[in-house]
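The values are calculated or read from the model by the stated rules, or taken from the named source; none is laboratory data. None of these values were measured; they are calculated from a predicted model. Cβ placement follows ideal geometry from the backbone for every residue including glycine, while neighbour counts extend to all protein chains displayed. Heavy atoms of the whole protein, side chains included, go into the accessibility calculation; ligands, DNA and RNA do not. Shrake-Rupley method; radii C 1.70, N 1.55, O 1.52, S 1.80 Å.
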Amino acid sequence: MDTDPREYEKIVVNENDIHKIVQSYLIHHCFRDTLESFLACIGVKPSVENSEDMDRRKRIFHFALDGNASKAIELTNEYAPGLLEENKDLHFDILSLQFVEFVCTRKIEEALAFAQSKFTPFGKDQKYVAKLEDFMALLAYEEPEKSPMFHLLSSDHRHQVAENLNRAILAHTKQPGYSAMERLIQQTTVVKQCLSQECFKDGNEPFSLKDFLK
Amino acid sequence: AMSQTASPSLDAIGAYFIDYWRWTSKVSALKPDEESGGEFDHETEEETPTELDTVNSSGGFVLIGPDKLSLLYPGINHHDHDVGVVQANRPAPSENLLYYFEIYAKNAGSKGNIAIGFTTSSFKLRRQPGWEPNSIGYHGHDGLLYHGHGKGEAFGPTFTTGDTVGCGINNSTQEFFFTKNGAIVGSVYKEVKGELFPTVAVHSQNEEVSVNFGKDPFVFDIKAYEAEQRAKDQSEIDNVTIPQESSYRIVQKYLQHYGYEETLKMFDISGKSNVPPVSLVPEDGLNDQYGTYALNERRTLRQLIRSGKIQEALFAIQQLYHDILQDGTSAICLLLHCQHFIELVREGKLEDSISYGQREFDKFKNHAGCDLVKDCATLLAYEQPSKSCVGYLLRDSQRELVADAVNATILLTNPDVKVSGGYGLCSSLERLIRQVTACSVEKRHLNSDQGEVFHLRRILESGK
């Protein structure tokens, strides 16, 4: 169901709100230079804390993405002490990125050593045992990319973990874990789907962000 | 009377922005001291039920206590039309996620016919809630739920002396829910629409009930229930995954639309190394082309208008895009001339503004936008125009509106683009905000305007 566009053109959109949404997106994704440029254009002073925060998160993010777990963890502990202790799932996920990096570069010995020193402590907790088994199983394949657990090697998975780490750091430093832009899109999607269900009970197309952006 | 112009679609954009001014000026005029957009008022507390209604009572069958929070059935019940039923003094508030109240059965009397539920304002106050259409009632003597007629459905346990029973509305799931002694009994879809009054009934000798509308703590943990509902709603939102490029594109289009050239350059460069890295598949080269059309010119014009240099802006437009000015009678011209008038008033050059107005406004006397001229002229009537009802014209928001109009009109001069729909009027970001706002209103409307109202501010201010 598409709301008549003429009706919603009358809705007042406040420029300040728009600016906040754009800023929130840029901060979340560590676009430091872009943010500074944007703030200069709209006549707002950038904050030093924001800039430093973005730089640090960006570095941490890229280390995680590259599979350099030790560096990512080191910097995270420095910037957000206690975060990883509180977030065991996340801690495990980051370590697994490093493990996967070893596997992909065929450094089997390093992978084993790493697993034994870092992963085993998690094995004490029942809920990690299954995950551990999945990862260890990768070692059994000559071509892990073709194994049933290939998704653990995918860039999507790495992005997801790195993004989760970014969110956790944001939350730890008392910033929103989701940018206002994301929230806006999510909320729009949910509301539109709800309306589709209500108005066309025999199933309507889900809200397509892609179509909307054309 | 529309101006006679060669190109109706260019003028249509200007006309749209004059309409937009008209819609928003009513809002702005009401708040002379605020910057626009301050509609979200944290402080408006809706009135809620606080006590029993003693005015509309089922005459004579029930006695209401002096505290207006208790009721007693003194007589003997004889038939089905002498129920001692009482409503609250107000209906459940319409903007809450949940509403809840409780009763305590002090005495179940001879038959234990206590009932709790909701009814509408037209309810016959001699019948048990639930026995009539547009009402719902949970009855103590049989534990059945009645929702609209005399036959009840199995619902929950019976209740009697010493029990605390609660009844609530959940606007998220559109359900009624009931509790007994702190535990949920069950919930049922809310078919009854409109304003709902908390309702209590007694219907046998010596039945006595007290009511709690929130003055005292509830036996049922309503706060936890609400938190649970909020968490469910939030997780539905959290579970929506967004492709990485979408947000990137929206920001990119926003920057393009408003001509933030420098920022756009940074953004394009950073895209590759940001968090997460964006690899934009160019969907269609055309897409980018018309976003960046006349970027430099649009940005320059925006800056001029935003700093009040209207004459310079007009001159530049004359040089670069004289089509949009046409013969000087287009809606865009009207907006620009009015803005210059406003700027002169702002600088206190009242005589200059008058002679400017006399020169330029005559040709718009039959224009659809002549009410804008009138509002501008009204500024002259006040010693302190910024504090008057037309003071909003002196704010940045008016400059912004004119800048947006010029921006949108220039975008339309792009020869490569076939105009469709609302292209160029605003960026995807504004359209998205409008979508979610309008759809949220629509969704609430389907629940007869009950439930929390969507406010963009909530998204902006939420810590999560």
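Some notes on this structure:
- Mean partner shielding of peptide B:241-253, defined as the number of other chain Cβ atoms within 10 Å of each residue Cβ, is 5.
- q = 0.07, 0.09, 0.11, 0.12 Å⁻¹: log10 I(q)/I(0) that the Debye formula gives for chain B, counting C-alpha atoms only: -0.58, -0.77, -0.90, -0.97
- Crossing angle, helix B:350-360 versus chain B [Cα axis fit, 0-90 degrees, rounded to tens]: 80
- Residue-averaged beta-carbon neighbours from other chains (10 angstrom radius) around A:169-178: 2
- Heavy-atom SASA rank of B:GLU245, B:GLU261, A:GLU52 (probe 1.4 Å, accessible area, largest first): A:GLU52, B:GLU245, B:GLU261
- When each of the peptides A:78-86, B:161-169 is scored by how many other beta carbons lie within 10 Å of its residues on average, the order from highest to lowest is B:161-169, A:78-86.
- In terms of distances greater than 18 angstrom between alpha carbons, the cross-link table entries B:LYS68/B:LYS215; A:LYS88/A:LYS124; A:LYS45/B:LYS265; A:LYS71/A:LYS118 yield A:LYS45/B:LYS265.
- Annotation: peptides B:388-395, A:17-24, B:148-155, A:109-116, ranked by per-residue average of other Cβ atoms within 10 Å with the highest first, follow the order A:17-24, B:388-395, A:109-116, B:148-155.
- Backbone N atoms of the stretch A:170-199 closer than 11 Å to the 7 Å Cα→Cβ label point of B:HIS455 are not found in any residue.
- The Cα trace of the stretch A:28-81 gives Rg and Dmax of 13.2, 40 Å, the first to one decimal, the second as a whole number.
- Across the stretch B:77-155, the fraction of Cα-Cα pairs farther apart than 15 Å, rounded to a whole number, is 58%.
- Sequence-distant contacts, meaning Cα pairs under 8 Å at least 6 residues apart, place the relative contact order of chain B at 19 percent.
- Å² per residue, accessible surface of chain A at 1.4 Å: 50
- Trypsin sites (Lys or Arg not before Pro) restricted to the stretch A:87-171 and DSSP loop, no more than 15 other C-beta within 10 Å: A:ARG106, A:LYS107, A:LYS124
- All-pairs Cα distance distribution in the stretch B:334-464, expressed in whole percent, bin size 5 Å: 2, 9, 13, 13, 13, 12, 13, 12, 8, 3, 1, 0
- Extending 7 Å from Cα along the Cβ direction at A:LYS124 and again at A:SER70 yields two label points whose distance is 2.3 nm.
- Kirkwood hydrodynamic radius over Cα pairs of chain A, then Stokes diffusion coefficient at 37 °C and 0.692 mPa s, in µm²/s: 162
- Maximal additional length on extending the B:GLN358-B:ASP416 stretch stands at 17.0 nm, based on 0.36 nm per residue less the C-alpha distance.
- In the A-B interface, the accessible area buried, summed over both sides, Å² (probe 1.4 Å): 6100
- Considering all C-alpha pairs of the protein assembly as shown, those separated by over 50 Å amount to 34%.
- Efficiency of FRET between B:LEU380 and A:GLN197 - r from beta-carbon atoms, R0 56 angstrom, step 0.05: 0.55
- Computed label-point distance, nm, for sites B:LYS309 and B:GLU47 using a 7 Å Cα→Cβ extension: 5.6
- Taking the Cα centre of the stretch B:52-228 as origin and assigning +1 to Lys and Arg Cβ atoms and -1 to Asp and Glu Cβ atoms, the resulting dipole is close to 280 debye.
- The C-alpha atoms of chain B define a longest principal axis, and helix B:428-446 lies at about 30 degrees to it.
- A full extension of the chain between B:ASP142 and B:CYS389 corresponds to an added length of 82.7 nm, given 0.36 nm per residue minus the alpha carbon distance.
- Sequence-separation-based contact order of the stretch B:45-196, relative, with Cα cut under 8 Å and 6+ spacing, percent: 19
- Which of A:TYR25, A:ALA111, B:CYS389, positive extreme of dipole for the protein assembly as shown (C-beta unit charges): B:CYS389
- Zone of B:ILE242's modelled label, taken as backbone nitrogen in the stretch A:21-35 under 14 Å from a point 7 Å along Cα→Cβ: A:21-30
- With every protein chain in place, the protein assembly as shown: carbon and sulfur % of accessible area (1.4 Å): 51
- Label-to-label distance, nm, for residues given as A:LYS174 and B:LYS232 (7 Å Cα→Cβ offset): 3.4
- The stretch between B:SER9 and B:VAL55 holds 10.5 nm of extra length on full extension. This uses 0.36 nm per residue minus the Cα-Cα distance.
- Plainly put, the stretch B:52-228 has a radius of gyration that is 0.92 times its Kirkwood radius, both from alpha-carbon atoms, as the Rg/Rh ratio.
- FRET efficiency for B:LYS349 and B:ILE269, using Cβ-Cβ distance with R0 set to 41 Å, rounded to 0.05: 0.35
- Here the sum of -39500 (n - 2.57) over DSSP H runs of 4 or more residues, divided by the residues of chain A, equals -20500 deg cm²/dmol at 222 nm, to the nearest 500.
- Backbone N under 16 Å from the B:GLU191 label point (7 Å along Cα→Cβ), restricted to the stretch B:101-131: B:118-120, B:129-131
- Largest to smallest in accessible area, the residues B:TYR138, B:TYR225 fall in the order B:TYR225, B:TYR138 (1.4 Å probe, all protein chains included).
- Accessible surface computed residue by residue for chain B, with neighbouring protein chains in place and a 1.4 Å probe, gives 45 Å² per residue.
- Every helix of 4 or more DSSP H residues in chain B counts as -39500 (n - 2.57), and over all residues that averages to -12000 deg cm²/dmol at 222 nm.
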